[in-house]
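Values quoted throughout were computed directly from the atomic coordinates according to the rules given, and no laboratory measurement underlies them. The structure displayed is predicted, hence computed values, not measured ones. Counting neighbours? That spans all protein chains shown, and the Cβs are built from the backbone with ideal geometry, glycine included.
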Amino acid sequence: MSAVVAESLCKTFRVRGEAGRVHHEFVAVDDVSFTVARGASLGIVGESGSGKTTIARMLSGLERASSGTIAVADRDRSTPVRSSGERRRRGRELQIVFQDPYTSLDPRQSVGACLEEVLRLHTQLDRAGRRSRILELLDSVGLDERHASSLPRALSGGQRQRAAIARALAAEPIVIVLDEAVSALDVSVQAQVLNLLGELRARTGVAYVFISHNLAVIRQVTDEALVLRRGRVVERGPTETVLDAPAHEYTQRLLASVPVPGWDPHAVCGRAPAERAR
Amino acid sequence: MSATAISPVAAVPTVRRRRVARLHARIGTAGMVAVAFLAVVALAAILAPLIAPNPNAEDLLNITAGPSLGHPLGTDELGRNLLSRLIWGARTSLLGPLIVIGAATGVAVPVAAVAGWRGGAVDLAISRLLDLMFAFPGLLLAILVVALYGTGLVPCSIALAISYMPWIARVARSGIVRERHKPYIAAAEVQGVSGFAICVRHLIPNISSIIWSQVTISFGYALVDLAALSFLGLNIQPPTSDWGVMVNNENALLDGHPVEVLYPCLLIVLCVTAVTYVGNRLASEEERRAR
Ligand SMILES: Nc1ncnc2c1ncn2[C@@H]1O[C@H](COP(=O)(O)OP(=O)(O)OP(=O)(O)O)[C@@H](O)[C@H]1O
Ligand SMILES: [Mg+2]
């Protein structure tokens, strides 16, 4: 059984022109298909605007696909929810972690209250049961009892992102979508959170759809990768193969744009230094 | 969830003190003075039966008397205790705006939540309807309602509540639209939290300061509008004491005893200034934070 099956996903946005009336259609995601096995980790890479977030939003039901189908745990979720039971069930199947740790937690809700809300929604645990589960969740993301009563503003970016991961884990989903989940963190914190994600996957068997423009990060936490350009998949395969022996010229350019010793930004942009300086 | 050393007993005043400090940081010392003044007036209004003698008792041997121990602010032209009338008058004068703003907010916030949450055609329809309601001047609507249903606090308050509703709804809606697309709301949606619960538990609490600033400013306007309606003889009827009724007393002016008109005027001005000042401070603080 697969965690996620996406088939021929397309998303077309209607863009309003300057005059307010002139519409034109913009294809943000164009015929994207992929499968994520249970417990697997799929990376989606691509430059800014290539449609990564749009895919994440379609998977999580925040955006409706223009065409194509999505199934999580073999249950279709291409159509809007029809009942509150189904809405909760989808919540137990797929969760999401966003990029910005500063806006992804309710500023008025303590971390404990936030987890409590999820547990109330998805489990039959009593008060004491929820309390011990909250402590367990905090512990599993490297936070402790003290953080339960903290408001987000009292936490660092890394701690907030850990809290957001704990929230995503609370309902024990089959898959978690992480949209640039470590991109806003500084490098050392990034490494800690990536280690945490690896550990959690090994322990709980949760699958990841891991979206990033950072290739080093993709290499660390994913088994397979998919390279997106202007909404289309240009290359896919095992992460190592894609990153070490890229077949597509676009992937090669993406790889070349990672700053390493001897890196030449002008070569990446494909322009002569004189032209750039103008 | 107190793993810290603070005992629950000691924690309560700390929380309250922190809340006072946070309010102080937002509205300043002058704002705190305004709040204290309003609290005193409100407390006097609530405790009127305990602290103020019958405001309609006529002491015909002591008409238009100056201040004395029995009548700290003197008496009016019927020998009624002025301070007592002001304190009892505070009850209707403050209760009226409370009803107006309570009713207006009670309708406006859910309407705004539906518009902001659903968006699209629902939002458009509600916004157009609110635009339409802006066209009705509150006082004229009140006069119309009084003409149809008779004078009194209830018809006047309902009419004003209807005309105040769109103002509060518009401000609340724009706050909700701004908040609605933040990731924490999306996270709650993905969790499977119902739209109703998201609005009640997350969206509305997070725009509460915007709503509070609009509510306090509107309260001042409602107080003036209701006093004006009393003055016009459409709201509270004499001999019931009410600041608006007390202002409408040309005899006092003709008899050369203007204090009985001046005191209620002063109270209206002070209350409106205090409440509007607090509201404006809250609003500008909100604007500063939004940027
Ligand atoms: N609601 C929308 N209406 C119109 N266009 C949109 C909308 N959402 C996204 N787009 C467009 O779709 C394209 C893909 O956007 P998306 O956010 O998925 O990119 P991304 O790969 O996540 O980029 P980034 O790395 O910068 O986050 C962009 O060109 C964007 O302008
Ligand atoms: Mg994105």
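Side notes on the structure shown:
- Loop-located GluC sites (Glu not before Pro) across the range A:1-96 with a Cβ neighbour count of 11 or fewer within 10 Å are A:GLU18, with loop assigned by DSSP.
- Sorting A:245-251, A:189-195, A:111-117 by average packing, meaning the other beta carbons within 10 Å per residue, from highest down gives A:111-117, A:189-195, A:245-251.
- For chain B, the direction-averaged projected area of the alpha-carbon convex hull comes to 20.2 nm².
- For residues of A:96-104, the mean tally of beta carbons on other chains within 10 Å: 4
- Of the three principal axes defined by the Cα atoms of the protein assembly as shown, the extents in descending order read 107, 62, 55 Å.
- Between the range B:121-163 and the range A:1-74, the alpha-carbon center distance in angstrom: 47
- Here, chain A yields an orientationally averaged convex hull projection of 18.0 nm² when only Cα atoms define the hull.
- Annotation for the range A:40-86: trypsin sites (Lys or Arg not before Pro) lying in DSSP loop with at most 14 further Cβ atoms inside 10 Å of their Cβ are A:ARG64, A:ARG82.
- Net charge dipole size for chain A [Lys, Arg +1 and Asp, Glu -1 on Cβ; Debye, nearest 20]: 900
- Charged neighbours of B:LEU82, selected by a Cβ distance under 12 Å, balance to -2 (K, R count +1; D, E count -1).
- For the range A:192-251, the Cα gyration tensor yields ellipsoid semi-axes of 23, 11, 10 Å (square root of five times each eigenvalue, largest first, whole Å).
- Projected-area mean, the range B:146-274, by convex hull of Cα positions, square nanometres: 10.2
- The calculated 222 nm mean residue ellipticity attributable to helices in chain A amounts to -11500 deg cm²/dmol, summing -39500 (n - 2.57) over DSSP H runs of n ≥ 4 and dividing by all residues.
- Cut-off under 5 Å, modelled amide H: who pairs with A:VAL97 long-range: A:VAL177, A:LEU178, A:ASP179
- When the Cα atoms of the range B:1-141 are aligned to their principal axes, the ranges along those axes come out at 69, 58, 26 Å in descending order.
- Peptide A:208-216 - average C-beta neighbours from other chains (10 Å radius): 0
- Ordering B:CYS156, B:CYS199, B:CYS271, A:CYS10 from the fewest to the most neighbouring beta carbons within 10 Å gives A:CYS10, B:CYS199, B:CYS271, B:CYS156.
- Among beta bridges that DSSP assigns inside chain A, antiparallel share in %, nearest 5: 55
- Longest DSSP-loop-exposure-free segment, GluC sites (Glu not before Pro), chain B, at most 16 other Cβ within 10 Å: B:78-291
- Among beta bridges from DSSP that stay inside the protein assembly as shown, the antiparallel ones total about 60%.
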